[in-house]
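Engineer: Right, I'll just put the structure down here and ask away after.
The values are calculated or read from the model by the stated rules, or taken from the named source; none is laboratory data. Keep in mind that this is a model prediction, so the values were computed, not measured. Counting neighbours? That spans all protein chains shown, and the Cβs are built from the backbone with ideal geometry, glycine included. To get the accessible areas, we keep the full protein, side chains included, count just its heavy atoms, and leave off ligands, DNA and RNA. Shrake-Rupley method; radii C 1.70, N 1.55, O 1.52, S 1.80 Å.
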Amino acid sequence: AARLQIVEAEAERIQARLYQNPTLSIDTDDISVGHTTPPGLSVGQTIGSTVRLDQPLPLWGKRRLRIAGAEMGVAAATAQAGDALRQLRSAVKDAFFRSVHDARLLAFASENRARYQKVIELNERRFHGGDISEVELRKIELENLKFETDVEDAHRSLGESQQLLGRLIGVEHLVVASGELAAPTIALDDAGMLDVAIDSRPDLAALHRQREQADLALQLARRERYPDVTVGADYTRSQFVISGDNRNYIGFGFSVPLPVLNQNQGEIAKAEVALRQAENDLARARLDIAQEVHDALERYHSLQRVRQLFESGY
């Protein structure tokens, strides 16, 4: 889906490079209705035809701004596709390790249940030997419900994680992950991690491109206050030569709208708001990334300390 957004942005770039189509006009005039001057002329002796071609010319750098904005759109879509790939890779890794973890957890829960079955068997012998009462035995048997529930929960969690892993890699069935839950020590430079994230996050790069695109859109909206010029040329053939007309002649001209009532105020205001919104999104993303880096480092260091506690003898 993200790659299709790139294709759409490239189509917008193609559209931005195109010029407006010329306009072809064909007019017929001097068709006599009633008396002619001089009297007695037929339609064929008075009629005239004009062929005109008009071409709008984009001025004031508008086309350049449209192309630049479309280029920024392609760059933003490309960065967004990179961010989608980043998130997908992260999700696949997370689902893989979740699946491996859940498989280990199911084995652990099954082992605990098997061990507790031996505890129940031992206490049944104690009950028959008169060492414990029936009430105590029933309490011990009831405790087995917890171990059975743990096994069922582990089964369900494993099935969900395997289904999620399959969906993330594009298949419709469970995918069994095979691997070890290794936790290698990673050398982290806490001070430089934020700089690495700021420099390498494609979602932040996409927001930069979107901010530049919004700025170009604002420049274009301001340029739209100045009208474009339409130039044209025409060829006329007249049959009314008896009145002194030339039989064949050409003409040139141009037309320009007068920006008296509409100076594109509304679009300029919308573009200014869009630029401020893009700047807000960029500032928010920087804060979010800083928070994500901080939280990730805190979680990592905390879990490292817990791991060392377990490995030191617990």
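Engineer: Could you check, for region 143-160, whether at least one of its residues is at negative phi, in a loop (DSSP other than H, G, I, E, B) and not hydroxyl-bearing (S, T, Y)?
Structural biologist: Within region 143-160, not a single residue is at negative phi, in a loop (DSSP other than H, G, I, E, B) and not hydroxyl-bearing (S, T, Y).
Engineer: Looking for something at pLDDT 90 or above, in contact with a Gly (Cβ under 8 Å, 6 or more places away or on another chain) and in a strand (DSSP E or B) - is there at least one such residue anywhere in region 43-52?
Structural biologist: Yes, region 43-52 has at least one match.
Engineer: Does Y249 qualify as being aromatic (F, W, Y), in a loop (DSSP other than H, G, I, E, B) and out of contact with any Cys (no Cβ under 9 Å at 6 or more places or on another chain)?
Structural biologist: no
Engineer: So, K139, is that one of a type in the set (D, E, K, R), part of a helix (DSSP H, G or I) and either closer than 30 Å to I6 by Cα or open to solvent by less than 40 Å² (accessible area, probe 1.4 Å) (or both) or not?
Structural biologist: no
Engineer: Give the residues of region 204-236 that are among the acidic types (D, E) and open to solvent by 50 Å² or more (accessible area, probe 1.4 Å), sorted by residue number.
Structural biologist: Residues satisfying the conditions are E212, E224.
Engineer: Could I ask something else about it? Every residue in region 53-73 that is out of contact with any Phe, Trp or Tyr (no Cβ under 8 Å at 6 or more places or on another chain), in contact (Cβ under 8 Å) with a residue 12 or more places away in the chain and either closer than 30 Å to R167 by Cβ or basic (K, R) (or both), please.
Structural biologist: Within region 53-73, K62, R66 qualify.
Engineer: Does I169 satisfy being open to solvent by less than 70 Å² (accessible area, probe 1.4 Å), at pLDDT below 95, over 30 Å from E311 (Cα atoms) and touching a helix residue (DSSP H, G or I) at 6+ places or on another chain (Cβ under 9 Å)?
Structural biologist: no
Engineer: Cβ-Cβ under 8 Å, sequence separation 6+ or interchain: first residue in region 131-145 and closer than 13 Å to R113 by Cα and of a type in the set (S, T, Y), partner surrounded by 12 or more Cβ atoms within 10 Å (Cβ to Cβ) and modelled with pLDDT of 90 or more. Which pairs?
Structural biologist: Pairs that qualify, where the first residue is closer than 13 Å to R113 by Cα and of a type in the set (S, T, Y) and the partner is surrounded by 12 or more Cβ atoms within 10 Å (Cβ to Cβ) and modelled with pLDDT of 90 or more: there are none.
Engineer: Now for a separate question. Return the total of residues in region 253-281 being more than 18 Å from H208 (Cβ to Cβ) and open to solvent by 90 Å² or more (accessible area, probe 1.4 Å).
Structural biologist: 8
Engineer: Between a residue in region 75-95 that is in contact (Cβ under 8 Å) with a residue 40 or more places away in the chain and any residue that is hydroxyl-bearing (S, T, Y) and in a helix (DSSP H, G or I), which pairs come within a Cβ distance under 8 Å, given they are 6 or more apart or on different chains?
Structural biologist: These pairs meet every condition: A95/S161.
Engineer: Tell me the residue from E212, E180 that is of a type in the set (D, E), part of a loop (DSSP other than H, G, I, E, B), out of contact with any His (no Cβ under 6 Å at 6 or more places or on another chain) and touching a residue at least 12 places away in the same chain (Cβ under 8 Å), please.
Structural biologist: E180
Engineer: Need the failing condition index for L24 against (1) touching a helix residue (DSSP H, G or I) at 6+ places or on another chain (Cβ under 9 Å); (2) loosely packed, with under 10 Cβ neighbours inside 10 Å, just the number.
Structural biologist: Result: L24 fails condition (1) only.
Engineer: Regarding D199, is this residue assigned to a helix (DSSP H, G or I), at pLDDT 90 or above, within 30 Å of G82 (Cβ to Cβ) and open to solvent by 80 Å² or more (accessible area, probe 1.4 Å)?
Structural biologist: When the stated conditions are applied, D199 passes them.
Engineer: D83 versus (1) out of contact with any Gly (no Cβ under 6 Å at 6 or more places or on another chain); (2) buried (at least 16 other Cβ atoms within 10 Å of the Cβ); (3) farther than 30 Å from L4 by Cβ; (4) not aromatic (F, W, Y): which is the lone unmet condition?
Structural biologist: (3)
Engineer: For R89, work out the one condition from (1) assigned to a helix (DSSP H, G or I); (2) buried (at least 16 other Cβ atoms within 10 Å of the Cβ); (3) not small (G, A, S) it doesn't fulfil.
Structural biologist: (2)
Engineer: Go through region 116-139 and report how many residues are of a type in the set (V, I, T), at pLDDT 90 or above and over 23 Å from L105 (Cα atoms).
Structural biologist: Of the residues in that region, 1 qualify.
Engineer: Testing G251 on (1) out of contact with any Gly (no Cβ under 9 Å at 6 or more places or on another chain); (2) within 30 Å of P22 (Cα to Cα), one condition comes back false. Which one is that?
Structural biologist: Condition (1) is where G251 drops out.
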